[in-house]
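Throughout, read-outs are computed from the coordinates displayed, never taken from laboratory work. What you are looking at is a predicted structure, and each value in this text was computed from that prediction instead of being measured. Please note: Cβ atoms are built from the backbone with ideal geometry, for glycine as well, and neighbour counts cover all protein chains shown.
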Amino acid sequence: MNNQVSATESAVLCPEHLAASRETLHEQRLFRQAQLRQIAAPPQPGADHMR
């Protein structure tokens with residue numbers, strides 16, 4: 001998966017699109033961090049049926 005944007009293309013983004021993209025990335029980062037915390041947490045008693 002290669003969704004990189006070249007420096008030339010990113011210069012075309014208007015401030016509103018840049019802010020929206022930044023917010024989306026921030027939300028995704030928070031979600032992924034929560035996932036990692038959940039994975040790292042010790043298993044809950046009785047949670048064997050979940051896996």
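Please report the net charge: other residues with Cβ closer than 14 Å to the Cβ of Arg22, K and R +1, D and E -1.
-2
Could you derive backbone 3J(HN,Hα) for the range 20-29 from the dihedral phi with the Karplus parameters 6.51, -1.76 and 1.60 (θ = phi - 60°), listing whole Hz in sequence and x where the residue is Gly or Pro?
Once θ is set to phi - 60°, the couplings for the range 20-29 become 5, 5, 4, 5, 4, 4, 5, 4, 5, 5 Hz.
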